[in-house]
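No value in this document is a laboratory result; all are computed from the given coordinates. Keep in mind it's a predicted model, so treat the numbers as computed, not measured. We place every Cβ from the backbone using ideal geometry, glycine too, and count neighbours over all the protein chains shown.
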Amino acid sequence: MKKAVIISGAGSGIGRATALEFSQQGYFVYLLGRNKERLEEVAQECRSGARRYGCDLNNSQQIQKTCEDIISQQDTDVQVLINNAGVYERNDGFTGGLETWRKQFETNLFGAIELTQRVFPIFKKRGGGSIVNVSSTLGLKTAAQVSAYSASKAAMNSWSQSLALEGGEHKIRVNCVCPGIVDTPIHEFNKLKGASKEKVLNSMSSLQPLGSIGTPEQVAKAIFFLAGDNSPWTTGAVLAVDGGINLV
């Protein structure tokens, strides 16, 4: 039976890099996301095998159907869940409407909660498992104009630690990775090309103590470390992977 991982938001950025990292390490990868074409591209890159699911984490029926199909697979052993799907929108904390709050909490937190609850029976039945939630350094140290996003990620950090306490008796480890500024499609600068993008990246790099913004692959390696056999006694950790920007 092949060891397997479930990854939400697997079509691009950190999700894609994480899928490829796990595949390189011999995992069968269950890819969840809204863009089926991007998921298919990632699936073709996963040399250890993959199955894609068009799954919107704001849709309970899609989550249920996806998890039921994964559970029905007899040839894989799901050992890891990566809650990576997320949305990022700037907002005015004093005057902005609640819609952006609802959108970010529903995707960044509530969707991850529902997916985790659906996967929990798999881990309980097999006698253990590992969950890594992809949060943000904005959940540790906020900034102006991102109150909704920061609040959703701070809640994810706290939820991760609560799950770690509850999961201990079932041998389920739960940890959290908090990336800083990473070159992914969640940021507008990711769409820039050539000199324009280079200029923005250089200006942002100067903000980091390590002198550069992050790559999805760097975050993926941290996720794999927390998820796998190299950290068997680690649970409830909230790990900043951010070039040190959380210290500034």
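Test of understanding: what is the full-extension gain from Lys103 to Lys125, defined as 0.36 nm times their sequence separation minus their Cα-Cα distance?
Roughly 4.6 nm would be gained on extension.
Along Cα→Cβ, 7 Å out, is where each label goes; now give me the distance between the ones at Asn230 and Asn35 in nm to one decimal.
Output for this residue pair reads 2.9 nm.
How far, in nm, would the chain grow between Phe94 and Ala143 when pulled straight, counting 0.36 nm per residue and subtracting the alpha carbon separation?
16.3 nm
Obtain the nm distance between the two label points defined at Glu166 and Lys3 by a simple spin-label model: each point lies 7 Å from its Cα along the Cα-to-C-beta direction.
The answer from the label model is 2.6 nm.
Mind checking which lysines have their C-alpha under 26 Å from Lys103, skipping anything on the same chain fewer than 8 residues away?
Cα-Cα hits under 26 Å: Lys36, Lys65, Lys141, Lys153, Lys191.
Which value at 222 nm does the chain reach when only helices count, each DSSP H run of 4 or more adding -39,500 (n - 2.57), with the total divided by all residues and rounded to the nearest 500 deg cm²/dmol?
-13000 deg cm²/dmol
May I ask you to derive the relative contact order of the chain, considering only C-alpha pairs under 8 Å and at least 6 residues apart, and to give it as an integer percent?
19
Can you tell me the orientation of helix 36-45 relative to the chain, as the angle in degrees between its alpha-carbon axis and the longest Cα principal axis, to the nearest 10?
Orientation of helix 36-45: about 70 degrees from the principal axis.
Which net charge results for the neighbourhood of Arg51, defined as the other residues with beta-carbon distances under 13 angstrom from its beta-carbon, given Lys and Arg at +1 and Asp and Glu at -1? It would help to have the intermediate numbers written out before the result.
Details: positive: Lys2, Lys36, Arg52; negative: Glu40, Asp69, Asp75.
Net local charge, Arg51 excluded: 0.
So if R0 is 30 Å, what FRET efficiency would Leu192 and Ile113 give, r being the distance between their Cβ atoms, rounded to the nearest 0.05?
Numbers: r = 34 Å, r/R0 = 1.14.
Plugging the Cβ-Cβ distance into 1/(1 + (r/R0)^6) gives 0.30.
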